[in-house]
Amino acid sequence: MASTSMRTPSNPITKGVFCYNTRKHLLARLISNSSFFGRKLVDNSLSYSTSTSGKKTLRNRSELVRVSGLNATSESHSFDVVIVGAGVIGLTIARQFLIGSNLSVAVVDAAVPCSGATGAGQGYIWMIHKTPGSDKWELAMRSRKLWEMFAESIQHQGMNPVEILGWKKTGSLLVGRTADDTVKLSRTVEKLSEAGLGAKFLSSNDLLVEEPALMVGKEGGAAFLPDDFQLNARLMVACIEKANRQFTSEGRYAEFYYEPAISLLRSGSTGEVEGVQTLNYILNAKKAVVIAAGCWSGSLMQDLMRDSNTDLAVPVKPRKGHLLVIENFKCFKLNHGLMEVGYIDHEAATLQPSASDSGPIYHAQTPSISMAATMDTSGNLVLAVSLLGSAQK
Ligand SMILES: Cc1cc2nc3c(=O)[nH]c(=O)nc-3n(C[C@H](O)[C@H](O)[C@H](O)COP(=O)(O)OP(=O)(O)OC[C@H]3O[C@@H](n4cnc5c(N)ncnc54)[C@H](O)[C@@H]3O)c2cc1C
């Protein structure tokens, strides 16, 4: 058995399972008994152990109750926090623990970082289709601020955020074609301006000046937010991964890719979550397990909790979207990010628990498809389509 030890902090976070996705940051926190809030790091040493026999490891940890699927040669490692899912959410949570505490972090993914929605993301950080006062407004504003600070920090380190993140302050246009659309857009501008963002309404003539390649007809128009920006999701992930890996040498960070989480390790006496079993590893979590598996979070949580008495319905369900990238696009130029006004309805689509076990469903009056178009810093045209209602099928 090989082992190494390191100093870990007295930075207390409560122990349990946290489930993150981008719709609701903290979806579920599972606690199994009253000792949850009281439990802190037991000792100051972090041990990494490698055993050639999974059984031997388990004998030493007689408390573990869920061992199905255990690989006979499972290695055992210990971290303060184990994060399941290495999309933008999992990786940024890891980053925050690494720079904001002394905790050690493991990131586990069934594949690799851009294999989920993050790899398909268009990368716009836009407020143009958000509604001031809605439940996600504050979160969106905070997120936008944090991305801005992130880009600034890269600049302060002497690097160019355009190259490192594909950062581009293009401004965004929410575009409509009909008289009804323009009424809606005027209201949007009003609300965004009241909320302190410098929004402008553009008539079809004004719009032509901003986007000569765009034809919306005489009745059309747009809401314009000059300060909105976009980034390249893949570049951003590479940047965050690189920064996280700087903590590897001090033993505070490890990645377990192509390692699907298959079960939770739970204490036989208290039921408390103590770690994650992946295909080949036992990953003990001294402080917390974070589930950040994007649209798989709901089904994964159900799967991971299937043998427990906890009735858990995490309201996350996949929603269809596609991204088309046309490389080195020269036919016309877009000066700003464009979004169809119908996207607002997609944002507003509400989640309601379904009567069946199949999870939550999205409610849309009629099936609809909405498009957004941007040009990235490499001159590629990026088209995203969002589908709602039966258009999802
Ligand atoms: C076409 C499209 C365009 C989009 N455009 C934008 C945009 O412009 N702006 C914006 O803000 N958002 C956009 N989004 C949404 C955005 O991409 C997602 O909200 C975001 O990437 C979600 O990140 P995540 O980390 O939660 O999920 P993901 O990136 O999906 O990561 C989840 C990870 O969990 C892993 N996983 C799943 N099951 C397991 C398991 N059992 N064990 C271990 N790992 C597991 C997966 O392999 C995956 O890597 C877009 C999405 C799409 C599809």
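Among residues of region 247-265 that are over 13 Å from Val84 (Cα atoms), those with a Cβ under 7 angstrom from a residue that is surrounded by fewer than 16 Cβ atoms within 10 Å (Cβ to Cβ), sequence gap 6+ or separate chain, pair up as Gly251/Thr4; Gly251/Met6; Tyr253/Arg245.
Per-residue answers, yes or no, for (1) over 13 Å from the mean Cα position of the chain (by Cα); (2) buried (at least 22 other Cβ atoms within 10 Å of the Cβ); (3) over 30 Å from Pro212 (Cβ atoms); (4) modelled with pLDDT under 95:
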{"position": "His77", "(1), (2), (3), (4)": "yes, no, yes, no"}
{"position": "Ile83", "(1), (2), (3), (4)": "no, yes, yes, no"}
{"position": "Ala86", "(1), (2), (3), (4)": "no, yes, yes, no"}
{"position": "Val107", "(1), (2), (3), (4)": "yes, yes, yes, no"}
{"position": "Trp126", "(1), (2), (3), (4)": "yes, yes, no, yes"}
{"position": "Glu138", "(1), (2), (3), (4)": "yes, no, yes, no"}
{"position": "Glu152", "(1), (2), (3), (4)": "yes, no, yes, no"}
{"position": "Lys168", "(1), (2), (3), (4)": "yes, no, no, yes"}
{"position": "Leu174", "(1), (2), (3), (4)": "yes, yes, no, no"}
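Set side by side, the residues Ala106, Ala110 differ, and just one is touching a residue at least 60 places away in the same chain (Cβ under 8 Å) and part of a loop (DSSP other than H, G, I, E, B), which is Ala110. In region 275-327, which residues are away from the ligand (no atom under 11 Å from the Cβ) and free of Cβ contacts under 8 Å to residues at least 40 places away in the same chain? Across region 275-327, the qualifying residues are Gln302, Arg306, Asn309, Asp311.
List, please: which pairs have Cβ atoms under 6 Å, are six or more places apart or on different chains, and start with a residue in region 149-173 that is in the same structural domain as Lys184 (by TED's automatic domain parsing) and charged (D, E, K, R) and end with one that is assigned to a loop (DSSP other than H, G, I, E, B) and buried (at least 17 other Cβ atoms within 10 Å of the Cβ)? Matching pairs, first to second residue: Lys168/Thr377.
Restricting attention to region 209-227, the residues that are surrounded by 15 or more Cβ atoms within 10 Å (Cβ to Cβ) and part of a helix (DSSP H, G or I) add up to 1. The listed residues are Lys330, Lys242, and the only one of them that is surrounded by fewer than 20 Cβ atoms within 10 Å (Cβ to Cβ), of a type in the set (D, E, K, R) and not assigned by TED's automatic domain parsing to the domain that holds Leu165 turns out to be Lys242.
Residues in region 77-103 that are within 7 Å of the ligand (Cβ to nearest atom), in a helix (DSSP H, G or I) and touching an Asp or Glu at 6+ places or on another chain (Cβ under 8 Å): Gly90 only. Residues in region 362-392 that are away from the ligand (no atom under 16 Å from the Cβ), modelled with pLDDT under 85 and either surrounded by fewer than 16 Cβ atoms within 10 Å (Cβ to Cβ) or assigned to a helix (DSSP H, G or I) (or both): His363, Gln365, Thr366, Pro367, Gly389, Ser390. Just to be sure, is Ser267 over 23 Å from Thr118 (Cβ atoms), polar (S, T, N, Q), modelled with pLDDT of 95 or more and surrounded by fewer than 22 Cβ atoms within 10 Å (Cβ to Cβ)? Taking the combined requirement at face value, the residue does not satisfy it.
How about region 173-188: which of its residues are basic (Lys, Arg) and farther than 19 Å from Thr374 by Cα?
Residues satisfying the conditions are Lys184, Arg187.
For region 121-137, the count of residues that are near the ligand (Cβ under 9 Å from one of its atoms) and in a helix (DSSP H, G or I) is zero.
The values are calculated or read from the model by the stated rules, or taken from the named source; none is laboratory data. Since we're looking at a predicted model, the values are computed, not measured. Counting neighbours? That spans all protein chains shown, and the Cβs are built from the backbone with ideal geometry, glycine included.
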